[in-house]
1. Picking from A201, A164, A157, A185, which residue would you name as being within 14 Å of the ligand (Cβ to nearest atom), hydrophobic (A, V, I, L, M, F, W, C) and in a helix (DSSP H, G or I)?
2. Identify all residues within the stretch 204-244 that are of a type in the set (A, V, I, L, M, F, W, C) and in a helix (DSSP H, G or I); write none if there are none.
3. Take the conditions in a helix (DSSP H, G or I), more than 13 Å from the ligand (Cβ to nearest atom) and over 19 Å from the mean Cα position of the chain (by Cα) and apply them to V61. Does it pass?
4. Taking the stated definitions as given, is V55 assigned to a loop (DSSP other than H, G, I, E, B) and either away from the ligand (no atom under 15 Å from the Cβ) or closer than 24 Å to Q139 by Cβ (or both)?
5. Could you tell me whether any residue of the stretch 81-94 is within 13 Å of the ligand (Cβ to nearest atom), part of a loop (DSSP other than H, G, I, E, B) and aromatic (F, W, Y)?
6. Mind listing just one residue for me: the one in the stretch 29-52 that is without any contact (Cβ under 8 Å) to a residue 12 or more places away in the chain and outside any helix (DSSP H, G or I) and, of those, farthest from the ligand (Cβ to nearest atom)?
7. For T26, state whether it is more than 16 Å from the ligand (Cβ to nearest atom), surrounded by 15 or more Cβ atoms within 10 Å (Cβ to Cβ), of a type outside the set (A, V, I, L, M, F, W, C) and on the phi < 0 side of the Ramachandran plot.
8. Examine the stretch 233-256 for a residue that is modelled with pLDDT of 95 or more, within 16 Å of the chain's Cα centre (by Cα) and either loosely packed, with under 10 Cβ neighbours inside 10 Å or of a type in the set (S, T, Y) (or both), and state whether such a residue exists.
Amino acid sequence: MVTVRDLRESEEPITMLTAYDAPTATIADEAGVDVILVGDSVGNVTLGYETTIPVTVEDMVRHTDAVTRAAEGALVVADMPFLSYGADEAESIKNAGRLLKEAGAAAVKLESGPHTVGLTRRMVELGIPVMAHLGLTPQHVNQYGGYPRQGTDQESAERILELAKSHEDAGAFSLVLEHVPSNVAREVTDALEIPTVGIGAGPGCDGQVLVFDDAVGLSEWTPSFSEQFGDVRGEMEKAVDDYVSAVESGEFPAKEHSHEASDLDSLY
Ligand code: KIV
């Protein structure tokens, strides 16, 4: 089982994928992925919402529970959903605790900012490992008015670097950097002892994370920084078309899918 300490000490690039259910967690785990992130991206990827804003702690407990039941080797990190942390410290800790105690996550991820430095310190003191997340933080979609790149000017790049250092000081065990220029991600990575995991942040991070559905080619749309390593959507569409045709043509079910019972004469 990968631990947060293994990640901090890893010499190899860290591999991280999201998963939201047992079958995909099994596939990621068996492929040897280091970290499975039960992202709040479950909202738009799986639950059909436009954004991650409606995702609840209950959603995250349910999906994290499914993933931890399946994952045997990977470190499972659960995202804290919008407004489940940050406004009130006791409530934030209670919600994080549910993800560890009820759902079996080994750590939580917080979309980070000035408001999460003290909270990260307190969670770590209490034994809740925290993965920080800087750059594009999708829970700010309404403030951003979309999903723009971050850290593209001197001032915002410096802010990301400062916040990265303060979250490391607060005890975060790693940092996700999302949609920032690769030179900014490299500079942040060089400045930290803890590993960075990039998404749309170039090759200079200590590891990479992608959304499972994007990586396997299941998503209808993928961001420009993602790569499709398969065509699962195409395969699924073909299988469903074949099924419909087989039922309509009477080819399915065939003799081998059926059985007959004797001694039912009184039925007829
Ligand atoms: O929710 C999520 O999937 C994430 C990753 C993209 C880092 O936060």
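The values are calculated or read from the model by the stated rules, or taken from the named source; none is laboratory data. None of these values were measured; they are calculated from a predicted model. FYI the Cβ positions are ideal-geometry reconstructions off the backbone, even for glycines, and counts take in every protein chain you see.
1. Result of the check over A201, A164, A157, A185: A185.
2. F212, A215, V216, V232, M236, A239, V240, V244
3. no
4. Taking the combined requirement at face value, the residue satisfies it.
5. Yes, because at least one residue in the stretch 81-94 is within 13 Å of the ligand (Cβ to nearest atom), part of a loop (DSSP other than H, G, I, E, B) and aromatic (F, W, Y).
6. A31
7. On the way: more than 16 Å from the ligand (Cβ to nearest atom): yes; surrounded by 15 or more Cβ atoms within 10 Å (Cβ to Cβ): yes; of a type outside the set (A, V, I, L, M, F, W, C): yes; on the phi < 0 side of the Ramachandran plot: yes.
Here the answer is yes, as T26 does meet what is asked.
8. Taking every residue of the stretch 233-256 in turn, none turns out to be modelled with pLDDT of 95 or more, within 16 Å of the chain's Cα centre (by Cα) and either loosely packed, with under 10 Cβ neighbours inside 10 Å or of a type in the set (S, T, Y) (or both).
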